[in-house]
Amino acid sequence: MTSYAPPLKDMRFILESVIGFRSLLKSADLDSDMVSGILEAAALVSTETIAPLNAPGDRAGCGFEGGAVTMPPGFRAAYRTYCEGGWNAVPFDPAHGGQGLPWALAFAIQEMWQGASLAFGLCPLLNQGAVEAISAHADEDLKKDVLPHLISGLWTGTMNLTESQAGSDLSAIRALATACPDGTWSLTGQKIFITYGEHDLSENIIHLVLARTEGAPEGIRGLSLFCVPKTLPDGTQNSVTCAGLEHKLGIHASPTCTMVFDGAQGRLVGDLNAGLKCMFTMMNNARLSVGLQGVAIAERALQAAVSYAKERVQGSLPQGGARIAILGHPDIRRILLSAGVQIEAMRALTYYAAFLLDRAEEGDADSQSLVDLLTPVVKAWGTEIAVEVSSAAIQVHGGMGYIEETGVPQFYRDARILPIYEGTNGIQSVDLVFRKIMRDEGKTARRWIAQARAESDGFPDLAAMLDRLEALTGWVLDEGAAGRMDSIAASCATYLKAFGVIAGGVMMARSARAARALGDDPAWKDFSIRKIKSTRFYNDNILPRALGLIDITRRGAESTLAFSLEDF
């Protein structure tokens, strides 16, 4: 079975030397030693308390009887340890019991929960999004009643969007909210695929439910958001029940529920008919966190593959000689290095997006527009890397990689949901191109490219690729101006992938520059040398992928659209 060791040195390096995190330390009343201490304490919880539950939880799954869900053995005790350590409160407002620490630091901590057990980490991930939505949009009474409990972890939060007939098409939502004389609302309807919709970890569960009110406009403009507790303030059970659990490919220890609301009492969050705006606060937070999940599960899979490659003796080098561990074979090294440098690049990009969140919360509008731009890239590119790396880990293990007892198949099974939930990666690509690129006529994308180009000195391949990305962005805008929306829609996915690969190259260049600056420090010398070598490998082996993606983006739409619906 596989073990987990959080990559603390890389986490610290990115935070303190790559993304500008040091600028946040004073305002957060932190110093470098405190950051290291926090990360080390989180690592201890992740490795000793949570990680041992990963494989047993996968085998046991969740129990379901009479509408009640029981978590696998050990999960309740681990959740208590997690909450009692204050880990649930890390990035939230101290006014409601949070610790007020930067999002960039919170992301490094959260990577450890997700790497230890993706199924366990989903509960705080959804709760985090609920806290953000309520903090941004609810009235003061609702904040006072709910936030302290969600932030402490005494209660947990969920996101209830999907309905069987609607899927990703939220305009087809049928759940109905009816106004009550006392100012509350009565909710009726059914939601599917609700992560941690029912469980026995917390005292209460707060459901954030997207529903339509009577007489509301058609489509997404008529949706409102409601806060619906499992248990009402007087201690009675609300009219919300779990009708069943899904039997899934992976994340078996995370309950995926069908929730039925039968006149359940709820309270409005934000304004009427502004539910999608409120929910997007939660969804955007969750999308960044899902990208982080991709980093975490890829790291876990890579660690297993490297460990096996060091131990498994198989064959000899082409020039002959003694039998060697498979790590000695150049192609195995190529597989492992391709995985490793993409994880490094993606971790840096994800932490950078979290840093931008911190700057945005300080009132920096430019940082907010940049994090909006990068969110679909982090979610989609990070989760596709997770699937690629977890598949590569199976390949490195050979036939043993296909055997459940090794633990490696679980990483692939768990990772496969990541490109699907919180908005499929196809939706992310549409969001990037239509909502983030075209809506502001490419201004934010070109500003990001200009900033990246200023940092590309000494990396001519990266500079050339940024030029190509800028030209491709211009092509997208020209297609839009000409009204060729189908052409753009057919090209969104490859545009996003090209953007991700190039953005990863930018972060690797920053990392190499920071590594050179640390080169004389004995504590960082070996790490710095490896980071510089990793950047070269990325530029030689990963960055060129963007060339093909750019070409496909420009050329692929025409042949795609040449097929009519009748051709299928």
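Each value in this text was obtained by applying a stated rule to the coordinates, not by laboratory testing. In this text, all values refer to a predicted model and were calculated from it rather than measured experimentally. Note that each Cβ is placed from the backbone with ideal geometry, even for glycine, and that neighbours are counted across all protein chains shown.
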Can you give me the angle between helix 525-541 and the longest principal axis of the chain, using Cα atoms only, in degrees from 0 to 90, rounded to the nearest 10?
90 degrees
What nm distance separates the two modelled labels at GLU40 and THR236, each placed 7 Å from Cα along Cα→Cβ?
5.3 nm
May I ask you to derive the FRET efficiency for ARG334 and ALA464 from their Cβ-Cβ distance with R0 = 30 Å, giving the value to the nearest 0.05?
0.80
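So, R0 is 35 Å and r is the distance between the beta-carbons of ALA243 and ALA95; what FRET efficiency does that work out to, to 0.05?
Numbers: r = 37 Å, r/R0 = 1.07.
Taking R0 as 35 Å, the efficiency between ALA243 and ALA95 is 0.40.
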When the dipole is taken about the Cα centre of region 315-374, and only Lys, Arg (+1) and Asp, Glu (-1) are charged at their Cβ, what size is it in debye, to the nearest 20?
780 debye
Calculate the length of the line joining the C-alpha centroid of region 337-364 to that of region 1-43, in whole Å.
13 Å
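Using 27 Å as the Cα-Cα cut-off, could you pick out the over-long pairs in LYS26/LYS443; LYS9/LYS310; LYS230/LYS436; LYS436/LYS531? Please report the intermediate quantities before stating the final value.
Values: LYS26/LYS443 32 Å; LYS9/LYS310 21 Å; LYS230/LYS436 37 Å; LYS436/LYS531 32 Å.
Where the Cα-Cα span goes over 27 Å, the pairs concerned are LYS26/LYS443; LYS230/LYS436; LYS436/LYS531.
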Between GLU441 and GLU558, what is 0.36 nm times their sequence separation minus the Cα-Cα distance? Round to one decimal in nm.
39.8 nm
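Using mean Cβ contacts within 10 Å as the protection proxy, how do 436-442, 63-69 order, highest first?
So the peptides 436-442, 63-69, ranked by packing, come out 436-442, 63-69.
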Highest-first arrangement of 84-96, 393-405, 112-124, where packing means the average Cβ count within 10 Å:
112-124, 84-96, 393-405
So how do 412-418, 136-142 stack up, highest first, on mean other-Cβ count within 10 Å?
412-418, 136-142
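For the chain, with only Lys/Arg (+1) and Asp/Glu (-1) charged at the beta-carbon, what is the dipole magnitude about the Cα centre, in debye rounded to 20? List each step's numbers first, then the result.
On the way: 50 positive and 64 negative charges, 314 e Å.
So the dipole magnitude of the chain works out to roughly 1500 debye.
Which of rounded, prolate or oblate describes region 302-414 when judged by the alpha-carbon gyration tensor and an a/c cut-off of 1.5? If you can, show how the numbers build up before the last one.
Working: a/c = 4.04, a/b = 2.50, b/c = 1.62.
Prolate shape, in that a/c is at least 1.5 and a/b is the bigger ratio.
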Given labels modelled 7 Å from the Cα in the Cβ direction, how far is it in nm from PHE64 to ASP169?
2.6 nm
In whole Hz and in residue order, list the ³J(HN,Hα) couplings for region 147-156 that follow from phi through the Karplus curve 6.51 cos²θ - 1.76 cosθ + 1.60, θ = phi - 60°; x for Gly and Pro.
4, x, 6, 5, 5, 6, x, 4, 10, 10
Residue by residue, what Karplus-based ³J(HN,Hα) values in Hz, rounded to whole numbers, does region 306-315 have, using 6.51, -1.76 and 1.60 with θ = phi - 60° and x for Gly and Pro?
5, 4, 5, 5, 6, 9, 7, 8, 7, x
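Given +1 on the Cβ of Lys and Arg, -1 on the Cβ of Asp and Glu, and no further charges, what dipole in debye does region 335-442 carry about its Cα centre, rounded to the nearest 20?
Details: 8 positive and 16 negative charges, 68 e Å.
Taking the Cα centre of region 335-442 as origin, the dipole is about 320 debye.
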Mind checking the angle between helix 32-45 and the chain's longest principal axis? C-alpha axes, 0 to 90 degrees, to the nearest 10.
70 degrees
Cα→Cβ-extended label distance, 7 Å offset, between ALA274 and SER391, nm:
4.3 nm
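Rounded, prolate or oblate for region 157-274? Axes are the square roots of the Cα gyration tensor eigenvalues, ordered a ≥ b ≥ c, and the cut-off for rounded is a/c under 1.5. Provide the component values of the computation, followed by the final result.
On the way: a/c = 2.23, a/b = 1.22, b/c = 1.83.
Since a/c reaches 1.5 but b/c is at least a/b, the shape of region 157-274 is classed as oblate.
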Given a Förster distance of 56 Å, report the FRET efficiency between ASP182 and GLN319 from their Cβ-Cβ distance, rounded to the nearest 0.05.
0.10
Relative to the present Cα-Cα distance, how much length would full extension add between ASP139 and TYR402 at 0.36 nm per residue of separation?
89.5 nm
For region 8-152, shape from the Cα gyration tensor axes a ≥ b ≥ c, cut at a/c of 1.5 then a/b versus b/c, turns out oblate
Cα long-axis angle, helix 545-561 against the chain (0 to 90 degrees, to the nearest 10)
60 degrees
Pair-distance profile P(r), taking every C-alpha pair of the chain, with 10 angstrom steps and integer %
3, 17, 28, 27, 17, 6, 1, 0, 0
Under 5 Å from the placed amide H of GLY157, counting only residues 5+ away or on other chains, we find ASN127, ILE206
A chain fully extended from ASP262 to SER3 at 0.36 nm per residue, minus the present Cα-Cα distance, gains in nm 88.8 nm
Tell me, what ³J(HN,Hα) does each residue in region 504-514 have, in order and in whole Hz, if you take phi through Karplus 6.51 cos²θ - 1.76 cosθ + 1.60 with θ = phi - 60° and put x for Gly and Pro?
x, x, 4, 5, 5, 5, 4, 5, 5, 5, 5
Cα centroid of region 183-198 to Cα centroid of region 261-335, whole Å:
29 Å
